[in-house]
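Asker: Have a look at this one.
The values are calculated or read from the model by the stated rules, or taken from the named source; none is laboratory data. A quick note: this is a predicted structure, and the numbers were derived from the prediction, not measured. No Cβ is skipped: glycine too gets one built from the backbone with ideal geometry, and neighbour counts run over all protein chains shown.
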Amino acid sequence: MSRTTLTALALALSLGACSNDPAPQSEATSIVIDEDDDDLALSDDGEEESDEAFNVEPPAAVEQAFHTEHPGAADVAWTMEDAGFEASFTEGSSALSVAYRADGTVGAIQTEIAIAGLPAAVSAALARDYAGQTVTEAARIVDGGQATYEAEITNNGVPTYLIYSSDGRLIETTTQESE
């Protein structure tokens, strides 16, 4: 998944999209990402928030925590967000993204998974709600001990990222636009 995707996901997680409170499907959050100006437009209130800074140097506590937890990490790219810092990297054959708070504590971890690795309830929801569309990528996100799942679909060349709870409840929809 792209750095923009992972960054948008981490921002959504920091906004509480994956809280423990169950939300009806109609209350899912939508985020539109415009690649041309790197702004995030939150559709809930229509206000835009500036995207994060890329290729930043994280604080020593964050860097130390990252190297302790992921000594085999390669191709590390750091971004800064309102809630902290995010490392996107590979570890072995896995692509991961880890969000850190400024004190070095972990916020959320995203790991790419095989599409067949999505929980049955998520696969069923995708088949029901997005019939005829193909899932092109999938990821497992763990934040505060709670796992959610991301499925990427593409419609007319525009990727859409769907975040589901493990029981198949849609939490968030993020559409990436390019002009």
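Asker: Do you know which of the residues in the stretch 96-126 that are of a type in the set (Gly, Ala, Ser), surrounded by 18 or more Cβ atoms within 10 Å (Cβ to Cβ) and modelled with pLDDT under 95 is farthest from Thr136 (Cα to Cα)?
Answerer: Looking only at the stretch 96-126, we keep the residues that are of a type in the set (Gly, Ala, Ser), and these are 97, 99, 102, 104, 107-108, 114, 116-117, 120-121, 123-125.
With surrounded by 18 or more Cβ atoms within 10 Å (Cβ to Cβ) added as a condition, the list becomes 97, 99, 104, 107-108, 123, 125.
Add one more test, that the residue is modelled with pLDDT under 95, and what stays is 97, 99, 104, 107-108.
Values: Ser97: 18, Ala99: 24, Gly104: 33, Gly107: 26, Ala108: 22 Å.
This residue is Gly104.
Asker: Hey, another quick one. Hey, does the stretch 158-179 have a residue that's of a type in the set (D, E, K, R), in a strand (DSSP E or B), touching a strand residue (DSSP E or B) at 6+ places or on another chain (Cβ under 8 Å) and more than 29 Å from Pro59 (Cα to Cα)?
Answerer: Of all residues in the stretch 158-179, those of a type in the set (D, E, K, R) come to 167, 169, 172, 177, 179.
Keeping just the survivors that are in a strand (DSSP E or B) gives 172, 177.
Filter once more, so that each one left must be touching a strand residue (DSSP E or B) at 6+ places or on another chain (Cβ under 8 Å): 172, 177.
Filter again for more than 29 Å from Pro59 (Cα to Cα), leaving 172, 177.
For the stretch 158-179, residues of a type in the set (D, E, K, R), in a strand (DSSP E or B), touching a strand residue (DSSP E or B) at 6+ places or on another chain (Cβ under 8 Å) and more than 29 Å from Pro59 (Cα to Cα): present.
Asker: Could you say which residue among Ile141, Ile153 is outside any loop (DSSP other than H, G, I, E, B), in contact (Cβ under 8 Å) with a residue 40 or more places away in the chain and surrounded by 15 or more Cβ atoms within 10 Å (Cβ to Cβ)? Before the answer, list the steps.
Answerer: Working: Ile153 fails: in contact (Cβ under 8 Å) with a residue 40 or more places away in the chain.
Only one candidate qualifies: Ile141.
Asker: Take the residues in the stretch 54-75 that are surrounded by 13 or more Cβ atoms within 10 Å (Cβ to Cβ) and in contact with a strand residue (DSSP E or B) (Cβ under 7 Å, 6 or more places away or on another chain); name whichever of them is modelled with the lowest pLDDT.
Answerer: Phe54
Asker: Moving on. Tell me, which residue of the stretch 94-124 that is β-branched (Val, Ile, Thr) and not in a helix (DSSP H, G or I) is farthest from the chain's Cα centre (by Cα)?
Answerer: Thr105
Asker: Checking the structure you have, find out if any residue of the stretch 117-126 is of a type outside the set (Gly, Ala, Ser) and under 27 Å from Asn55 (Cβ atoms). I'd like the intermediate steps shown before the answer.
Answerer: Looking only at the stretch 117-126, we keep the residues that are of a type outside the set (Gly, Ala, Ser), and these are 118-119, 122, 126.
Subsequent filtering for residues that are under 27 Å from Asn55 (Cβ atoms) retains none.
No, because not a single residue in the stretch 117-126 is of a type outside the set (Gly, Ala, Ser) and under 27 Å from Asn55 (Cβ atoms).
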